[in-house]
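Read-outs throughout are calculated quantities, based only on the coordinates presented, and are distinct from any laboratory measurement. This is a predicted model, so every value here is computed, not measured. Heads up, the Cβs are rebuilt from the backbone with ideal geometry, glycines too, and the neighbour counts pull from every protein chain shown.
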Amino acid sequence: MTTEMPPVDYIHTNGIRMAVYEAGPAAQTPPLVLCHGFPELAFSWRHQLRDLPAHGLRVLAPDQRGYGLTDRPEAVEAYDIENLCADLVGLLDAKGIDKAVFCGHDWGGIVVWQMALRYPDRVAGVIGVNTPFMPRSPIDPIAIMRQRMGDEMYIVHFQKPREADEALARSVSNTMHLFMKRPLDGMFGESGSAGLATERKEGDPSVFPLVQLVQMYDPAFDPREKLLDDEEMAFFVETFTRTGFTGGINWYRNFTRNWERSADIVERVDAPALMIMAEKDAVLPPSSADGMETWVPRLDRHLVLGSGHWTQQEKPEEVTEVIAAWMHKTFPAA
């Protein structure tokens, strides 16, 4: 079955109860902690949870703070990067793990790169899936995105209380169908998407206006190929119907807070790292990883051809094989 997952375990970490799925043997190779993005779940790593253990790897995937079966605190500040990282440190402690390789996709990628800066003694390695290391911006990142991409750009729009939460939850099925599709060929022209580096011309509409798109969306007129089968889609829809989207959106509402509180952090990842890029990601294109070696000197790269944003679900076999090969090269068995 496509929705099969390992048995769920619950741990207590950093003041919350966290749901964790674990598979694979105990081994001398550091375990992998797989961190999902928005709007996703530990379930987004179901293929890797199934297949990486066959490569002799121990794998843990949490529903992170605000998602799935894990607690959803009320305060927006409870979702800042300090808490998101502390949750993962508590996960290691609860499982008796000294160091792990942290692998993150989308927002999970932001978290795992921050883990390497904030808790280097707990990080054996970092794998970014689509999400590159992003150095601290010179000014508030929300101000930059507002100027470059407009007030309706989704991260900027998410700063408003309740509005996006309610729009996405109005039809969870439509929202998830909007997200979970494969990209069309040539969708962004020959030059591709500039992603978060996009700069619109004065007077142009906002870029990536997610709330507007959700409000207008009708899956019956969407020409894109579906990514999930009916059973997989039902799992996401049922989960977010129960939880809503506020927990995940609150991660975005801490962009300014995270920026304000990170001025004194040294930006260098000394751990070995792997950057997995997706050729057709509209928001985080391969170009967004240009120059990463400045901050991540021990970096390997892999480009997944033909994949959009949901790389570990769109190209699960390739992602699994790349992760396993890198793990065994970087941490050869004693």
Practice problem: Pick out which of 244, 24, 203 has the largest mean-square fluctuation in a Gaussian network model of the chain, springs linking Cα atoms closer than 10 Å. | Solution: 203
Practice problem: Do me a favour and compute the ellipsoid semi-axes for the stretch 8-330 from its Cα gyration tensor, root of five times each eigenvalue, largest one first, whole Å. | Solution: 28, 22, 21
Quiz item: For the chain, what does -39500 (n - 2.57) per DSSP helix run (n ≥ 4), summed and divided by total residues, give at 222 nm, in deg cm²/dmol to the nearest 500?
Solution: -9500 deg cm²/dmol
Quiz prompt | the stretch 133-190: GluC sites (Glu not before Pro) falling in loop per DSSP and having at most 12 other Cβ within 10 Å | solution = 190
Exercise. Run the dipole for the chain about the Cα centre, Lys and Arg Cβ at +1, Asp and Glu Cβ at -1, nothing else charged, and hand back the magnitude in debye, nearest 20.
Key: 480 debye
Quiz prompt | Tail weight of P(r) past 27 Å, computed on alpha-carbon pairs of the stretch 68-194, percent | solution = 34 percent
Self-check item: Rg to Rh quotient for the stretch 94-165, alpha carbon positions, Kirkwood Rh
Solution: 1.10
Exercise. For residue 301, enumerate residues with amide H under 5 Å from its amide H, sequence gap 5+ or separate chain, H modeled in the peptide plane.
Key: 275
Practice problem: Determine, for the stretch 198-334, the count of lysine pairs separated by eight or more sequence positions (or lying on different chains) whose alpha-carbon distance falls under 25 Å. | Solution: 5
Self-check item: Whichever lysines have a C-alpha closer than 18 Å to that of residue 95, once near sequence neighbours (fewer than 8 apart) are set aside
Solution: none
